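To start, the structure itself, in structure tokens.
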Amino acid sequence: VEQTPTLFERCTLLENITLGRSISEAGLENIFERTNLNVLLRRFENGLDTLVADIQLSGGERQLVALARALVSKPQLLILDEITSNIDSKTEEIIQNTLISLKSEGIIVLMVAHRLSTVLLSDSVALISNGVIVASGTHSELLKTSSEYKKLYSLQLIKDE
């Protein structure tokens with residue numbers, strides 16, 4: 001899932017999510033519940049048959065559509081590139097809850113993030129500086145062992161308050 005997901009304006013929401021792959025109605029419902037897209041779809045008279053060109057989607061809503069698209073393929077490895085960079089805290093919470101459910105299913109999630117609140121639930125965090133891993137471990141371990149990580153975390157806590 002890219003930082004700025006591509007949605008196809010001349011396609012419906014369903015076509016943007018499935019990209020032609022078949023999925024059961026129950027499978028779609030499960031994905032919509034996990035990504036909270038069921039709430040989004042209620043806004044549109046034509047639901048899944050709504051053309052993307054006919055609606056305004058926020059950055060967070062676009063991210064949720066892209067995440068749903070990724071989940072349709074039932075990935076064993078899900079790569080997320082700055083998925084929470086341009087979203088509000090409510091959408092971030094939805095994404096975090098989705099990631100928790102993926103983790104419980106054994107899906108490996110590789111996430112690139114600058115927003116440390118995104119990585120708090122990670123099993124392992126790698127702090128990269130100038131293309132080099134300078135520290136790795138859990139969030140708690142890095143707070144104790146990496147002054148650079150602790151500094152970043154402190155700066156973001158102050159910024160977020």
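The values are calculated or read from the model by the stated rules, or taken from the named source; none is laboratory data. Values in this document were obtained by computation on a predicted structure and should not be read as measured data. Please note: Cβ atoms are built from the backbone with ideal geometry, for glycine as well, and neighbour counts cover all protein chains shown. Areas reflect the complete protein model, heavy atoms only, side chains present, ligands, DNA and RNA absent. Shrake-Rupley method; radii C 1.70, N 1.55, O 1.52, S 1.80 Å.
Worth pointing out:
- With viscosity 1.567 mPa s and temperature 4 °C, the Kirkwood radius over alpha carbon pairs of segment 64-114 converts through Stokes-Einstein to a diffusion coefficient of 115 µm²/s.
- Our compactness index for segment 1-82, the C-alpha radius of gyration over the empirical 2.2 N^0.38 Å, is 1.01.
- Adding -39500 (n - 2.57) for every DSSP H run of four residues or longer, then dividing by how many residues the chain holds, sets the calculated 222 nm ellipticity at -14000 deg cm²/dmol.
- Taking amide H as placed 1.01 Å from N in the peptide plane, C11 has its amide H under 5 Å from the amide H of V52, A53, each at least 5 places away in sequence or on another chain.
- Relative contact order %, the chain, counting alpha carbon pairs below 8 Å whose residues are six or more apart: 22
- Relative contact order of segment 1-66, pairs being alpha-carbon contacts under 8 Å that are 6 or more residues apart, as %: 59
- Treating each Cα of segment 106-161 as an identical point scatterer and summing with the Debye formula, the log10 of I(q)/I(0) at q = 0.15, 0.23, 0.29 Å⁻¹ comes to -0.41, -0.95, -1.38.
- To put it simply, the accessible area of the chain at a 1.4 Å probe is 51 percent carbon and sulfur.
- Net charge of neighbours whose Cβ lies under 10 Å from the Cβ of A113, counting Lys and Arg as +1 and Asp and Glu as -1: -1
- Converting the Cα gyration tensor eigenvalues of the chain into ellipsoid dimensions via √(5λ) gives semi-axes, longest first, of 32, 17, 13 Å.
- Rounded to 5, the percent of DSSP beta bridges in the chain classed as antiparallel: 55
- 0 to 90° range, to nearest 10: angle between helix 147-160 axis and the chain longest Cα axis: 50
- For GluC sites (Glu not before Pro), the sites in segment 52-158 that DSSP calls loop and that have at most 13 other Cβ atoms within 10 Å are E105.
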